[in-house]
Amino acid sequence: MKSRNRLVSLLLAALVLGAVGLTFSACGYESDSKDVVEGEVVKLGELKYQVIFSRFLNIHDNEDSAYLVGQPPPQDGSNYFGVFLEVQNKSEETQKLADSFSIEDADHVTYAAVPSESLYAFPVGGKVTPQEPIPSLDSTPQQGPIEGSLVLFEIPETASQNRPLVLSIPGPDGPAEVTLDL
């Protein structure tokens, strides 16, 4: 009986270890595809982009108010939507970041990113120095609860029903499309 209990315990431990290994191996998954899902890394030129999180933002929520600094209330029937990114520049040269972002819904309606004054804002069209990430280490967005830089959109509430929502990121070798997990 003891050997059977021990065998069951070992099998359970192996299953848990296998599940943990699969979970961690999927984090930061990277391929050469320019069509990925939220959480996967996509390479555009010398830069690696990763959407780490996306969600609707609430202007009445304390945490979200920091993401919406300077924004007027959304138009009737619309909400703010945040896409939080990390970018890695593993090259030895300064690289230019994407200068625009857009989201397209299943009805092929496109929504452009809106300018943001937030300390969490992604530096759209900016530069990233060699061997550095965006958000930079010890910056407000890197130290924040999501640990990513924000690209802000104002989209109609109905867009959440027209899924998938796909983020387009322009790059030197064509745009990447990231299916958002909404």
> Out of all the residues in region 148-182, which are of a type outside the set (A, V, I, L, M, F, W, C), under 21 Å from G77 (Cα atoms) and assigned to a strand (DSSP E or B)?
Replying inline: E154, P156
>> Considering only residues that are more than 18 Å from Y67 (Cβ to Cβ) and either among the charged types (D, E, K, R) or not in a loop (DSSP other than H, G, I, E, B) (or both), which ones fall in region 118-138?
In response: K127, V128, E132, P133, D138
> Residues in region 42-79 that are touching a residue at least 40 places away in the same chain (Cβ under 8 Å), crowded, with 17+ Cβ neighbours inside 10 Å and within 18 Å of Q95 (Cβ to Cβ): how many?
Replying inline: 6
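In the list P145, P72, which residue meets the criterion of being assigned to a loop (DSSP other than H, G, I, E, B) and at pLDDT 95 or above?
Numbers: P145 fails: at pLDDT 95 or above.
After ruling out the rest, the residue left standing is P72.
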>> Just the residues that are of a type in the set (A, V, I, L, M) and either open to solvent by less than 70 Å² (accessible area, probe 1.4 Å) or more than 13 Å from L85 (Cβ to Cβ) (or both), please, taken from region 114-154.
In response: V114, L119, A121, V128, I134, L137, I146, L150, V151, L152
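The values are calculated or read from the model by the stated rules, or taken from the named source; none is laboratory data. This is a predicted model, so every value here is computed, not measured. Heads up, the Cβs are rebuilt from the backbone with ideal geometry, glycines too, and the neighbour counts pull from every protein chain shown. Each accessible area value is taken on the protein alone, full model and side chains, heavy atoms only, with ligands, DNA and RNA left out. Shrake-Rupley method; radii C 1.70, N 1.55, O 1.52, S 1.80 Å.
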